[in-house]
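Any read-out appearing in this document is the output of simple, stated calculations on the displayed coordinates, not a laboratory observation. For clarity, every value in this text was computed on a predicted model and none was experimentally measured. As a convention, Cβ positions derive from the backbone with ideal geometry for all residues, glycine included, and neighbour counts pool all protein chains shown.
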Amino acid sequence: MAFEKYDFTPLTQAIHKALIENVSPLLTLIIEWTIIGVLFLLFIAVFGLLLVYVERKVCAAFQQRLGPMRVGPWGLLQTIADFVKLLMKELITPKSVDKFLYNLAPFIVIIVPFLTISVIPFAPGLQALDFDIGIFFVTAVSSVGVIGVLLAGWASNNKYSLIGGMRSGAQIVSYELSVGMSLITMVILAGTMQISEIVEMQRGGWFLFKGHIPAVIAFFIFVIAGTAETNRGPFDLAEAESELTAGFHTEYSGIKFAFFFLAEYINLFIVSAMATIVFLGGWMPFHFGDWAGFNNVMDFIPGLIWFFMKVFGIIFLIMWFKWTFPRLRIDQILTLEWKYLLPINLFNILLMATMVLLGWHW
Amino acid sequence: MKSTFNYIAEIFKAIWSLLTGMKVTAKYFFTPWNNVTQQYPENRDTLVMFDRFRGEVIMPHDEKNEHKCTGCGICEINCPNGSIEIISKSIVNEEGKKKRIIDQHIYHLAMCTFCNLCIKSCPSDAIVMGQNFEHAYWDRVSMTKVLNRPGSKIMEGVKE
Amino acid sequence: MAEIIEKLITTDEIKTDEYLVNMGPQHPSTHGVLRLLVKLEGEIVHNVEPHIGYIHSGIEKMSEALSYPQIIHLTDRMDYLSAHMNNEAVCLCIEDALQVQVPERVKYIRTIIDELQRLASHQLWWCASGMDLGALTAFFYGLRDREDILDIFEETCGARLTLNYSVPGGVMFDIHPNFQAKVKAFIKKFRKILPEYDKLLTGNIIFQNRTKGVGILSKEDAIAYGVTGPTGRASGFSCDVRKHHPYSAYPYIKFDEKVGTDGDCFMRWKLRMDEMRESLNIIEQLIDNIPEGDYALKMKGVIKLPEGEFYQRVETARGEFGVYIVSDGKKNPYRVKYRSPGFSNLFAINHIAKKWKIADLVAIMATFDLVIPDIDR
Amino acid sequence: MTNEQLIEHLSAAFPDAVVKQGKQYPEITVSKEILHAFMKNLKSDTKLAFDYLVCESGVDYPAFIQVVYHIESTSLQHFLIVKCNTENRETAVLDTVMDIWPTAEFHEREIYDLLGITFNHHTDLRRLFLDDTWGHPLRKDFKDDIHVVER
């Protein structure tokens, strides 16, 4: 494995070495776990707030507005102020809710991004868990979130919430399939499920270009299905504001509401990150054929920045969808999945398999 | 075969229709200098209301602290909401004649619907619509205003 | 007992679980304090019962205590998006009763303001129903373009929403010197923007799927329920008062009455888009030809209508607006009744929303273009 | 049909009813006994074909309450005002026309709410705007010291 210019492996190795030489192995493990946990906690909080701010500014720009401008320069502190407000708000538990499930739901929803984020390689050597079944782990864990949404809808004892929860259930269960299948298409191309290896394989060129037609189709399907899975417009049926007021989180307030809110944005990040890893080469810089000069300039940009540039590109695309399209109806959403995305996907897997067998990709 | 072709054509048509929509929003996204939002309290100095804008009823006074109101009460009659109250008093003028003049022209801003009927009906054009639109107050007492200034008197030559 | 259970199982009404949902009075897509009691089975709407009266303001009762010029400003507050049409209806009714002829200039000015108001109302409808269907950006584009019209109103009429511009015998002020230039500039600008509206929503595949074939109102039902305006015309009910009973300057101009065929949400949508184009045509015909003359007749200080009953109908942005004044010869009307278009339109919703999904109910309400104070009065 | 033809036709068909040319439109006053049959005839008669009830309003007069129907024919483009008086103000009862024009259901609920006329055979006669604590505000003898301020 060739070392990158901006590889984090020496840093992590050095920390590990320093710890293991000074304290017992068990303590080392605990300390490392704590460091990673705290880092992820911080990352999710900061990145969630940042994404909320970005969303507001992007949507404002689409709508010819300015967005938040009052708190801090260019409204930079607005989301922090909002977060402080949410923290201080009273936690209202309506009278006839199922108390245990009602309180459990936000935690289930927020746990999912914590689990998924652990397999994401942010930069060379900056990955918490490197399974050999990384892709499988992501698809498996991300479907747990729907249980939280369903529980929230059911336990709130509110009809709007219930409709929202049920819609969300039907929607996510169907779109899981598309997400999984488009990932499988790429797994066929890569021949492995280990995320670090998938990224490494794209050194010569991103899978989007390597796998040409089937990869492009898979990419589109992944972005559409990913948007649906994160419950974002035009697939935001579960919380369709003009129909269900706020859907499954109607009855939540304060920090519990913030959990739903944060989880939505972190899920957005995870979907974008997965698209980046599988299709756009993760932290791999953009290389163009044998233009050595150009490629060297690209190599000069650190992998971490490459990763986030790509992620934000896809996040922008998904936001662009949300702020342009009207919302679909529940039966149309299911039609789209079962009548269009799924057949195309199955066909696409076949195409990809044929291609890989015949060695048509480059 | 035809149905398969239609199926694929349908997909491409759908994608095309979505892309045209995205083009419209993108056009505005990438031209942020065309934004229409105004930063309101900051632009107070440059914010000019149109001269016919009906913000509140005011009574213009000239530099000698004189107004044109005779206290006839026509505006009070014409007001649909009872937002104008005229309190007049009797005085004796230089010639020794008794005369009724305005004591207080009371205007309840909170009840006003800015219909312009009082201004239209005023025979001596004593009241006009002002352009001030910032009508937020801490209590409702301050929304009751006396339009004629203290110590002011009627302009000479105004027909009674 | 067994019998009852047998009955419960076989009766259609009990077999599936129906539940009631209150849409409103505080609901994002009812555009005001309208409350719909919706009977749902899963997502399927079985019955819609409108409960109104949350902002019933008793305008008819209030009018009985006010003089004729004073009742006009109350009509602003009914259908606030077609304020000038409402004003004009009352003025025309009073002028008709007094048998006075207003100057030609007044007729032209009133018609231009009417059509501008219709444009503003349809713009707001466009953006608000876009928002109901989930396209939030449309909302801001519509409001942005409406701003130009409101500026024109503010300059000429002195107010943006509650214009109170028509008075018996004329209009309150003469048009502002900038009026014609500004209106022309607006028409030029808006003609460029309208195709953009179509690109953003009308042609959009998601939007078409949401609206085509949804909530079909047949022509017979439209007539039976008294559904007028663009909503009724989309069903093929030719009910344009401007065409059938022309008033003000409408007899002098050429325009098409747009009549649809399908009566579904998409037709209602398309018809209003077409009406916006037609309004631009009407304004273009009038704006350069405003005749010289007085902007108002000299009326008596106290207007007294002769004894009798008077009815006047105009076309607002929502449909046929009627004013029925019963006068006993005093300066106050004996009884005023407003036939508001929204009132009749609203109650057709139950008829057409059955068996559609709750999302379709929102689409139907959006394309019905309801203004709640217009319903409650 | 022109207004004159309409008046002629109506006075021939309904000798009991009072037909006259009002200030704008033909007006016909019918007694409350024949109201429903008369209205049904107005709609079913192919020469009249009044299929669109524009407006239904109630007016409170000192001796009786009057209900005024503004009716239009969408196919023949003529307009008619039908008036019908209740017997007195205390027992104000009329027949409903909601089976002829469905839109009347809600106009009649409004009249019931604001003027207190009971409509026979109305399937769903409830108050529309106000709650049950109110009287009937559009009646001239309505007194409400809490909500009404008189100058």
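When only Cα pairs below 8 angstrom with a gap of at least 6 residues are kept, the stretch B:48-154 shows a relative contact order of 40 percent.
Taking a virtual spin label 7 Å from the Cα of residue B:8 along the C-beta vector, which residues in the stretch A:323-361 bring their backbone nitrogen under 18 Å of it? It comes to A:340-355, nothing else. Net charge dipole, the stretch B:48-154: roughly 300 debye, given to the nearest 20, about the Cα centre with Cβ charges of +1 for Lys and Arg and -1 for Asp and Glu. Taking every DSSP bridge with both residues inside the stretch D:3-88, close to 85 percent are antiparallel. From a point 7 Å beyond the Cα of residue A:114 in the direction of its Cβ, which residues of the stretch A:146-185 have a backbone N at a distance under 20 Å? Those under the cut-off are A:146-152. Under 30 Å Cα-Cα from residue D:32, which lysines qualify once same-chain neighbours fewer than 8 residues away are excluded? Partners within reach: C:61, C:330, C:337, D:20, D:23, D:40, D:43, D:47, D:83, D:140, D:143.
Relative contact order, whole percent, for the stretch A:144-302 stands at 29, derived from Cα pairs under 8 Å and 6 or more residues apart.
Got a sec? How would B:100, D:89, B:54, C:268 order by Cβ neighbour count within 10 Å, fewest to most?
Details: B:100 14, D:89 18, B:54 26, C:268 30.
Listing B:100, D:89, B:54, C:268 from fewest to most nearby Cβ atoms yields B:100, D:89, B:54, C:268.
Pairs of Lys residues in the stretch C:130-228 that lie 8 or more places apart, or on two chains, and have C-alpha atoms under 29 angstrom apart add up to 8. Residues of the stretch A:182-198 with an amide N closer than 20 Å to a point placed 7 Å from the Cα of residue A:317 along the Cα-to-Cβ direction: A:182-190, A:198. Expressed to the nearest 5 percent, the antiparallel share of DSSP beta bridges inside chain D is 75 percent. The residue among C:230, C:295, C:128 whose Cα reaches farthest toward the positive pole of the charge dipole of the stretch C:10-376, with charges on the beta-carbon of Lys, Arg, Asp and Glu, is C:295. Here's how it looks for residue A:253: its modeled amide H is under 5 Å from those of A:92, which are all 5 or more places away or on a different chain.
For the options C:75, C:111, C:137, a Gaussian network treatment of chain C with springs between C-alpha atoms closer than 10 Å singles out C:137 as fluctuating the most. Rounded to whole numbers, the Karplus 3J(HN,Hα) couplings from phi for the stretch D:45-58 are 4, 5, 6, 9, 6, 7, 10, 10, 7, 6, 7, 10, 9, x Hz, using 6.51 cos²θ - 1.76 cosθ + 1.60 with θ = phi - 60°, and x at Gly and Pro.
Computed from the Cβ-Cβ distance with R0 of 51 Å, the FRET efficiency linking residue B:110 to residue C:277 stands at 0.75.
Spin-label pair residue D:149-residue D:23: with each label point 7 Å from Cα along the Cα-Cβ axis, the two points sit 3.2 nm from one another. In order along the stretch C:207-222, phi translates into HN-Hα couplings of 4, 5, 5, 5, 10, 5, x, 8, x, 7, 10, 6, 4, 4, 5, 4 Hz, rounded to whole numbers, per the Karplus curve 6.51 cos²θ - 1.76 cosθ + 1.60 with θ = phi - 60° and x for Gly and Pro. Label-to-label distance, residue C:216 versus residue D:41, with points set 7 angstrom from Cα along the beta-carbon direction: 3.8 nm.
For chain A, modelled as a GNM whose springs connect Cα atoms under 10 angstrom apart, the maximal fluctuation among A:130, A:290, A:299 occurs at A:290.
With the simple model of a label 7 Å out from the Cα in the direction of the Cβ, residue A:133 to residue D:120 spans 8.0 nm. For the stretch B:48-154, the number of Lys pairs with C-alpha atoms closer than 18 Å, counting only pairs eight or more positions apart or on separate chains, is 14.
Between residue D:34 and residue A:347, what FRET efficiency comes out of the Förster formula 1/(1 + (r/R0)^6) with R0 = 56 Å and r the beta carbon distance, rounded to 0.05? Intermediate values should be presented prior to the final figure.
Details: r = 73 Å, r/R0 = 1.30.
Result of the calculation: an efficiency of 0.15.
Derived scalar couplings between HN and Hα for the stretch B:25-33 equal 5, 5, 4, 6, 5, 8, 10, x, 6 Hz in order, rounded to whole Hz, by the Karplus curve 6.51 cos²θ - 1.76 cosθ + 1.60 (θ = phi - 60°), x for Gly and Pro. Per residue, the average separation of C-alpha pairs within less than 8 Å and at least 6 apart gives chain C a relative contact order of 26 percent.
Among A:249, C:84, B:61, the order by Cβ neighbours within 10 angstrom, fewest to most, reads B:61, A:249, C:84. Annotation: extensible slack from residue A:71 through residue A:104 equals 8.5 nm (criterion: 0.36 nm per residue apart, minus Cα-Cα distance).
What the Cβ-Cβ distance of residue B:97 and residue B:47 gives, at R0 = 60 Å and to the nearest 0.05, is a FRET efficiency of 0.80.
Let me spell out the model: positive unit charges on the Cβ of Lys and Arg, negative unit charges on the Cβ of Asp and Glu, origin at the Cα centre of chain C. What dipole size does that give, in debye rounded to 20?
Dipole magnitude for chain C comes out near 580 debye.
Considering only C:356, C:126, C:269, the Gaussian network model of chain C with Cα springs below 10 Å gives its largest mean-square fluctuation to C:356.
Screening chain C for DSSP H helices whose Cα atoms reach 27 Å or more along their own axis and whose mean Kyte hydropathy is at least -0.5 gives C:104-132, C:136-157, C:265-287.
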